[in-house]
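Report on one structure; see the data block that follows.
The values are calculated or read from the model by the stated rules, or taken from the named source; none is laboratory data. The shown structure was predicted, so the numbers you read here are calculated from the model rather than taken from an experiment. Here Cβ is always computed from backbone atoms with ideal geometry, including for glycine, and neighbour counts include all displayed protein chains.
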Amino acid sequence: MPIYMLKRLGLSVLVALTVSVIAYLLLHLSGDPAIALAGEGARQSDIEMIRKAYGLDRPVVVQYADWLWHIVRGDFGTSVYFKTAVGPLILEKLATTVKLGLCALAFSLFISIPLGVLAAIYKNSWIDRLCLTIAVLGQALPNFFFALLLIMLLAITWHVLPVSGSNTWKHFVMPAIALGYYVAPAFMRLIRAGMIEVLSADYIRTARAKGLPASRVVFKHALRNAIVPVVALAAVQLGYLLGGSVVIETIFALDGLGYLAYQSITFKDYPVMQSIVLLLSVIYVLLTLAADLANAWLDPRIRVS
């Protein structure tokens with residue numbers, strides 16, 4: 001197990017460094033940062049002054065190395081638009097995004113596990129087709145369109161939930177539903193496939209032959225083994241939920257990391273954009289690493305292989 005952990009950790013560090021290089025280069029290749037910071041109609045002398053002030057006149061490799069060195073030391077730079085340190089600014093918004101991501105993941109698992117189990121138990125029946133239809137509908141509906149439908153129904157028509165803000169738990173209900181419903185089909189299909197495979201195993205037939213109750217066979221023996229792959233998928237989907245919340249946070253005006261990313265893109269705030277991309281990439285890599293280690297702990301065959 002320690003050797004497996006070291007291998008996965010080393011691979012995770014390499015992935016994080018690769019992502020940081022790609023993200024830094026893509027942001028700089030999208031346009032001249034000095035022109036973006038100076039604004040439209042700026043004089044060439046002003047652009048050159050900004051380029052020297054921010055060190056943009058140096059080679060890109062030197063700029064990246066300097067930026068990464070400051071990141072390692074905990075210095076994320078200063079926001080061009082907000083005029084404050086990037087590190088505390090991001091940490092302040094991160095709590096809202098993490099809360100939204102966890103709520104969305106919980107809602108996704110809450111609806112996908114029962115649907116997946118039902119679809120597997122009643123395979124090829126109308127219940128199975130109904131569950132698959134719900135799953136297909138979840139991926140067919142864009143989350144921003146589903147969010148607008150929720151606003152029209154729950155906020156405008158019924159006046160049950162608030163539209164915008166992040167002050168109370170009620171402000172997270174519609175964003176979590178809109179974000180979580182989109183990733184629920186992946187969990188549902190995985191659980192369905194795993195349950196169908198496990199329910200046909202010999203030890204399940206033995207448990208049924210012993211006269212164990214059907215609920216105990218399904219939930220204690222079958223679901224316990226079928227849910228192992230869901231651990232890895234949950235970590236990956238949580239990373240997606242954290243990084244893909246830009247649209248949802250913008251629609252519901254949640255003061256989180258996604259909305260901050262939208263603002264930084266709008267106002268060409270490169271230090272904030274770079275830091276957000278790097279932070280979300282590192283979180284995604286760490287979640288994947290945690291999922292791999294959890295799977296290796298749950299299933300010894302993984303670490304042996």
Scanning segment 57-91 residue by residue, the ones that are touching a helix residue (DSSP H, G or I) at 6+ places or on another chain (Cβ under 7 Å) and among the small types (Gly, Ala, Ser) total 3
Those residues of segment 59-78 which are surrounded by fewer than 14 Cβ atoms within 10 Å (Cβ to Cβ) and part of a loop (DSSP other than H, G, I, E, B), in sequence order
59, 73, 74, 75
For residue 248, only one of the following conditions fails: (1) out of contact with any Pro (no Cβ under 6 Å at 6 or more places or on another chain); (2) β-branched (Val, Ile, Thr); (3) within 30 Å of residue 91 (Cα to Cα). What is its number?
(1)
Could you give every pair whose Cβ atoms fall below 7 Å, whose first residue belongs to segment 195-206 and is free of Cβ contacts under 8 Å to residues at least 24 places away in the same chain, and whose second residue is aliphatic (A, V, I, L, M) and assigned to a helix (DSSP H, G or I), counting only separations of at least 6 or pairs across chains?
204/198; 204/217; 204/222
Filtered residue count, segment 79-94, keeping only those that are assigned to a helix (DSSP H, G or I) and free of Cβ contacts under 8 Å to residues at least 60 places away in the same chain
3
Looking only at segment 163-220, filter to residues that are hydrophobic (A, V, I, L, M, F, W, C), over 30 Å from residue 256 (Cα atoms) and not in a helix (DSSP H, G or I); which one of those is modelled with the highest pLDDT?
201
Tell me which of these residue 152 doesn't satisfy, since it passes every other one: (1) assigned to a helix (DSSP H, G or I); (2) over 24 Å from the mean Cα position of the chain (by Cα); (3) touching a residue at least 40 places away in the same chain (Cβ under 8 Å).
(3)
Single unsatisfied condition, residue 87 versus (1) on the phi < 0 side of the Ramachandran plot; (2) out of contact with any Asp or Glu (no Cβ under 9 Å at 6 or more places or on another chain):
(2)
Name, by its number, the condition in (1) touching a strand residue (DSSP E or B) at 6+ places or on another chain (Cβ under 9 Å); (2) part of a helix (DSSP H, G or I); (3) aromatic (Phe, Trp, Tyr) that does not hold for residue 110.
(1)
Test residue 1 against the stated conditions and say whether it is modelled with pLDDT of 80 or more and more than 15 Å from residue 268 (Cα to Cα).
no
Testing residue 146 on (1) surrounded by 12 or more Cβ atoms within 10 Å (Cβ to Cβ); (2) of a type in the set (Phe, Trp, Tyr); (3) modelled with pLDDT under 90, one condition comes back false. Which one is that?
(3)
Checked pairs for segment 35-62, first under 18 Å from residue 80 (Cα atoms), second of a type in the set (S, T, N, Q), C-beta under 8 Å and 6 or more apart or across chains, list as 55/63; 56/63
Of (1) more than 22 Å from the chain's Cα centre (by Cα); (2) in a helix (DSSP H, G or I); (3) surrounded by fewer than 16 Cβ atoms within 10 Å (Cβ to Cβ); (4) at pLDDT 90 or above, residue 160 satisfies every one except (2)
Of the conditions (1) over 26 Å from the mean Cα position of the chain (by Cα); (2) closer than 17 Å to residue 28 by Cα, residue 79 satisfies every one except a single condition; which number is it?
(1)
